[in-house]
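Report on the following structure.
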Amino acid sequence: METKTVGVLGAGTMGHGIAHVLIRGGYTVLLHDLSQQFLEAGAARIAKGLNRDVEKNRLTAEDREKALSRLKTTMRVSDLEGADFIVEAVTENFEVKSGVFRAVEPHCRAEVIFASNTSSISITRLAATTQRPDRFIGLHFFNPVPVMKLVEVVPGLATSPETVEAAERLATSAGKTPVRVNDFPGFVSNRLLMPMINEAVYCLMESVADAKGVDDVMKLGMNHPMGPLELADLIGLDVCLDIMKVLYESFRDSKYRPCPLLEKMVSAGRLGRKIGRGFYEYPQGRG
Ligand code: CAA
């Protein structure tokens, strides 16, 4: 089945970015969220991103208008009956994600593929909560989605080869480079990235260096575009903590224990750029 219309579930940081690259890639997107406010905020960020594409000559003004006309927003799951492919990008929590798939599935045709943008939850486990484990896959995008080239393509135990091919086609036509990885906790990306961020928080907690010092070491010594603490602020400290917990609980290995300072920051509500404060302060508010 040819994919023309993609349902994107969640208009937050990842969902709006995924919708952005899909409408730019020629797909019609049905962007779903629970509140009008989230939908409007997501659509405004997409419009701003497309304006930037025009300013930078990556898109003509005419193509921007065409792309925007392919974006529909909705609060009704029943509107997703028009989708040929679903990409879920809601909160990183098994119950929330499986609940969303359960709500959407009765409105979707049997052949529609479900993809989850989970950054660490087992695709096999999520797939098993649906009636279509063979048409279920992980499509893990990276933040900021319009900029980062990678999509991890994660087949679950029951995912069919046709589903993998369709998911790779979708990622490629959204301008991304798919890399296939197997369904293990954290996949490849977060199994490597999150322990580094967690260890950076330990360095801060143990006063090995202050936040800027920790970040400067990795930027100036390792050529990372952002230091690990800045990156944690970009990703969201709650997301980093959730992923560390998944790694710790899945591998049952103490090397993945979340740093107490990371837990404390999340308890204090210092979640990073999205709320204007994390390891750093963002006076402009939400980043
Ligand atoms: N949304 C959209 N575009 C953004 C953006 C955002 N939040 N932040 C920056 N950009 C764009 C800028 O507009 C600019 O684009 P132009 O070509 O139009 O100029 C481009 O990115 C470069 O930005 P800047 O010049 O302002 O700054 P920079 O050169 O320092 O790059 C960065 C910013 C791209 C974020 C870079 O610092 C970087 O690559 N950082 C690492 C990001 C990273 O590792 N992401 C993965 C996180 S892990 C994840 O997402 C998965 C997970 O499961 C947790």
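The values are calculated or read from the model by the stated rules, or taken from the named source; none is laboratory data. Since the structure is predicted, the reported quantities are computational estimates derived from the model, not experimental observations. Cβ coordinates were reconstructed from backbone atoms using ideal geometry, including for glycine residues, and neighbour counts include every protein chain displayed. With ligands, DNA and RNA removed, areas are computed over all heavy atoms of the protein, side chains included. Shrake-Rupley method; radii C 1.70, N 1.55, O 1.52, S 1.80 Å.
Would you mind stating whether Cys240 is of a type outside the set (S, T, N, Q), surrounded by 14 or more Cβ atoms within 10 Å (Cβ to Cβ) and more than 16 Å from the ligand (Cβ to nearest atom)? Please lay out each step first, then the result.
Details: of a type outside the set (S, T, N, Q): yes; surrounded by 14 or more Cβ atoms within 10 Å (Cβ to Cβ): yes; more than 16 Å from the ligand (Cβ to nearest atom): no.
Answer is no for this residue.
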One residue from Glu162, Glu111 being open to solvent by 10 Å² or more (accessible area, probe 1.4 Å), away from the ligand (no atom under 16 Å from the Cβ) and not in a loop (DSSP other than H, G, I, E, B): Glu162
Scope the stretch 243-256; condition surrounded by fewer than 20 Cβ atoms within 10 Å (Cβ to Cβ) and either farther than 23 Å from Val217 by Cα or of a type in the set (Gly, Ala, Ser) (or both); matching residues: Lys245, Tyr248, Glu249, Ser250, Phe251, Arg252, Asp253, Ser254
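What helices (runs of 4 or more DSSP H) lie completely within the stretch 12-80 and have 2 or more residues being over 20 Å from the mean Cα position of the chain (by Cα)? Quick ask: steps written out before the conclusion?
Values: elements: 13-24, 36-55, 61-69.
Qualifying helices (runs of 4 or more DSSP H): 36-55, 61-69.
What tally of residues in the stretch 202-237 results from selecting those that are of a type outside the set (Val, Ile, Thr), in contact with a strand residue (DSSP E or B) (Cβ under 8 Å, 6 or more places away or on another chain) and buried (at least 21 other Cβ atoms within 10 Å of the Cβ)? Steps first, answer last, please.
Narrowing the stretch 202-237 to residues of a type outside the set (Val, Ile, Thr): 202-207, 209-213, 215-216, 218-234, 236-237.
From the residues that got through so far, the ones that are in contact with a strand residue (DSSP E or B) (Cβ under 8 Å, 6 or more places away or on another chain) too are 232-234, 236-237.
With the extra rule that they be buried (at least 21 other Cβ atoms within 10 Å of the Cβ), the set shrinks to 232-233, 236-237.
The qualifying residues number 4.
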Residue within the stretch 245-252 that is farther than 17 Å from Ile121 by Cβ and at pLDDT 95 or above present: no
Evaluation of Thr172 against (1) surrounded by 15 or more Cβ atoms within 10 Å (Cβ to Cβ); (2) in a helix (DSSP H, G or I) (one fails), failing number: (1)
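Condition first: under 20 Å from Ala19 (Cβ atoms) and either in a strand (DSSP E or B) or more than 16 Å from the ligand (Cβ to nearest atom) (or both). Now tell me which residues in the stretch 126-143 satisfy that.
Selection gives Ile137, Gly138, Leu139, His140, Phe141.
Quick one: which of Thr91, Thr118 is open to solvent by less than 10 Å² (accessible area, probe 1.4 Å) and within 15 Å of the ligand (Cβ to nearest atom)?
Values: Thr91 fails: open to solvent by less than 10 Å² (accessible area, probe 1.4 Å).
Answer to the check: Thr118.
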Complete set of residues in the stretch 26-61 that are on the phi > 0 side of the Ramachandran plot and not small (Gly, Ala, Ser): Asn57
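Could you list, in sequence order, all residues of the stretch 45-67 that are away from the ligand (no atom under 13 Å from the Cβ) and surrounded by fewer than 17 Cβ atoms within 10 Å (Cβ to Cβ)? Before you say what the answer is, go through the steps one by one.
Of the stretch 45-67, the ones away from the ligand (no atom under 13 Å from the Cβ) are 60-67.
The answer is Thr60, Ala61, Glu62, Asp63, Glu65, Lys66.
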